[in-house]
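The values are calculated or read from the model by the stated rules, or taken from the named source; none is laboratory data. Quick caveat: nothing in here was measured; it's all calculated off a predicted structure. No Cβ is skipped: glycine too gets one built from the backbone with ideal geometry, and neighbour counts run over all protein chains shown. The area values use the complete protein model at the heavy-atom level, side chains included, leaving out ligands, DNA and RNA. Shrake-Rupley method; radii C 1.70, N 1.55, O 1.52, S 1.80 Å.
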Amino acid sequence: MNQEPSPCYCLRMRKASLAVSAFYNRILAPSKVTSRQYFLLASIGRLGSCSVRELADAVELDRSTLSRSLKPLREQGMVADQKVGGAKSSRLELTDQGRAALSEALELWQKAQSSLAEQIGPEGLEALEKTFAALTGLNVP
């Protein structure tokens, strides 16, 4: 039975987002890091030592979602949560294990990027970038 796509753009976008996440996660699987974890490790690596609030602002996630996402990285010893003398908040830093995981995952992430670009093609990527820009600027009428 051939079904027509749902007319609901929100549902279709969600399905596409899940498919893209699954695509990246399959390619990243040998590193034992998910696409979200890769994104967080890369962001912490780029920021250096940062607070949860600074990281939340940088990755545009609310702090409770971010805290849940950071938990497995802390438990696996990839991210250290350090209190610095007298400071109210702790600082997040990559551990040696986190840097090694990020390095391994980076190669796989680059493979995922290249594969996606190849499958979509230059015109598709250009259209996708324009669509991202338009969606980011959506306003409620």
- request: State the number of residues belonging to segment 36-54 that are at pLDDT 95 or above, open to solvent by less than 40 Å² (accessible area, probe 1.4 Å) and either aliphatic (A, V, I, L, M) or closer than 14 Å to Q113 by Cα (or both).
  value: 5
field: Output for segment 55-98, where each listed residue is of a type in the set (A, V, I, L, M) and open to solvent by 30 Å² or more (accessible area, probe 1.4 Å)
entry: A58, L61, V84, A87
query: Out of curiosity, is S114 of a type in the set (S, T, N, Q) and either within 23 Å of I27 (Cβ to Cβ) or open to solvent by 60 Å² or more (accessible area, probe 1.4 Å) (or both)?
result: yes
Filter result for the condition that a residue is among the small types (G, A, S) and within 14 Å of V20 (Cβ to Cβ), over A100, A80, A127, A117: A117
